[in-house]
Amino acid sequence: MAEPGDGTSDDHRGLTEADYDWSSRHIIAARLVEALVPPGGRVLDIGGAAGVAVDLLPHHDVTVADVIGGGVDVIASGTDLPFRDRSFAAAISLDVLEHVDSQQKPAMVSEAVRVADAVVLAGPYDDAGVREAEAEQREGFEVMYGYEHPWLSEHFELGLPALNGVVEQLSAAGLQTGVFGSNPLRLWSELRFGTHVAQLFDIDRETWPLRRYLVETFLDGGDAAPPSYRHFVVGARNADVAGAIDLVRPGADAAAADATLEKARHDTLRIIGAAGANIPELQVHAHNLEAGMAELHQELDHRLEVIDDLTEEAERRLNIINEVTEKADALETRLHAIEEAVQRDRVTRSIVDRRLKRPARPSE
């Protein structure tokens with residue numbers, strides 16, 4: 001069985017500058033697969049349209065299924081997978097259950113269990129702290145951007161899955177199970193806010209140094225410090241789930257988590273400062289845009305005036321055409337009357353001529 005890190009799951013190229021919430025879950029999931037499934041084993045990534053699992057698991061045969069087309073192997077819903085029973089060594093689904101209707105969540109778990117010998121179901125599960133943190137970030141995003149956060153709003157509308165319910169469902173299907181947390185909740189919230197600010201002012205690159213630190217330094221030492229935003233639920237028929245989790249689970253160093261949270265807060269302040277430094281430039285840009293819009297409005301007004309003038313001229317000419325048409329119709333009517341009169345005159349003359357040429361009857 002492969003040790004975690006034998007593949008590219010520890011080669012973080014392409015992930016170090018990505019959002020830590022996104023990169024960390026893919027790295028940990030890849031390590032779990034390496035611990036549960038020998039090289040060459042078939043792995044199903046349910047809802048993995050981004051295709052990250054394929055890159056992180058080069059020694060496994062990865063199939064990606066998603067309802068979103070493009071970059072996937074099979075377009076399918078996780079609640080109705082078009083695969084035979086136990087046709088995969090493992091099925092993973094990362095942050096997908098919370099985007100499935102509450103009534104369909106059990107069906108998705110059942111399908112993952114049906115098609116695979118091991119399953120990894122990661123994401124935010126229903127918890128008061130998680131709901132509160134998501135609500136805070138969802139509301140803050142809407143204030144900043146003026147519209148709803150696309151995936152946090154779905155979490156709220158469709159509901160977070162119940163952690164105990166998923167574990168019980170796996171156990172009832174005969175799988176060994178295990179659970180561990182990931183991404184400290186307060187750190188998740190701080191990073192989410194910093195990312196929202198950075199993206200609002202188009203300075204996302206300002207977040208890259210901290211993201212690199214999180215993946216390269218913090219992940220292994222403190223990512224599992226509670227309370228967690230995300231939990232990994234692992235189930236398997238024949239593999240040693242507890243052993244795999246012991247190999248893969250990040251450290252839970254509370255001091256490291258607190259220090260990283262403080263580092264993230266300072267980074268957020270730095271990002272806000274960078275955003276503030278951009279404000280004068282943005283104000284100039286906004287002024288230029290306003291001036292440009294004013295010119296466009298003037299040009300539009302001028303063209304509307306021209307259109308009005310042309311419309312009036314067109315109406316005037318149309319009236320002339322109508323008048324000419326009416327006169328032409330009257331002339332045509334008179335012409336028909338004259339032609340009829342001429343024809344009658346011809347007939348009359350013909351009758352008169354015949355009478356004049358007829359010989360007189362002899363007198364009796």
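The values are calculated or read from the model by the stated rules, or taken from the named source; none is laboratory data. Since the structure is predicted, the reported quantities are computational estimates derived from the model, not experimental observations. As a convention, Cβ positions derive from the backbone with ideal geometry for all residues, glycine included, and neighbour counts pool all protein chains shown.
Conditions tested, residue by residue: (1) more than 25 Å from the chain's Cα centre (by Cα); (2) in a loop (DSSP other than H, G, I, E, B); (3) more than 24 Å from His231 (Cα to Cα).
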{"position": "Ala29", "(1), (2), (3)": "no, no, no"}
{"position": "Ala35", "(1), (2), (3)": "yes, no, no"}
{"position": "Ile68", "(1), (2), (3)": "no, yes, yes"}
{"position": "Gly78", "(1), (2), (3)": "no, yes, no"}
{"position": "Ala89", "(1), (2), (3)": "yes, no, no"}
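For segment 94-134, give me each residue that is surrounded by 22 or more Cβ atoms within 10 Å (Cβ to Cβ) and of a type in the set (Ser, Thr, Tyr). Result: Tyr125, single match.
When Asp204 is tested against (1) within 21 Å of His26 (Cβ to Cβ); (2) in contact (Cβ under 8 Å) with a residue 24 or more places away in the chain; (3) of a type outside the set (S, T, N, Q), exactly one condition is not met: (2).
To keep it simple, each residue is scored yes or no on (1) modelled with pLDDT of 85 or more; (2) closer than 30 Å to Gln199 by Cβ.
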residue: Pro280; (1), (2): no, yes
residue: Ala291; (1), (2): no, yes
residue: Glu299; (1), (2): no, no
residue: Thr311; (1), (2): yes, no
residue: Ile320; (1), (2): yes, no
residue: Thr325; (1), (2): yes, no
residue: His336; (1), (2): yes, no
residue: Asp345; (1), (2): no, no
residue: Arg358; (1), (2): no, no
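Of the residues Gly47, Gly123, Gly78, Gly146, the single one that is without any contact (Cβ under 8 Å) to a residue 40 or more places away in the chain and under 20 Å from Phe232 (Cα atoms) is Gly78.
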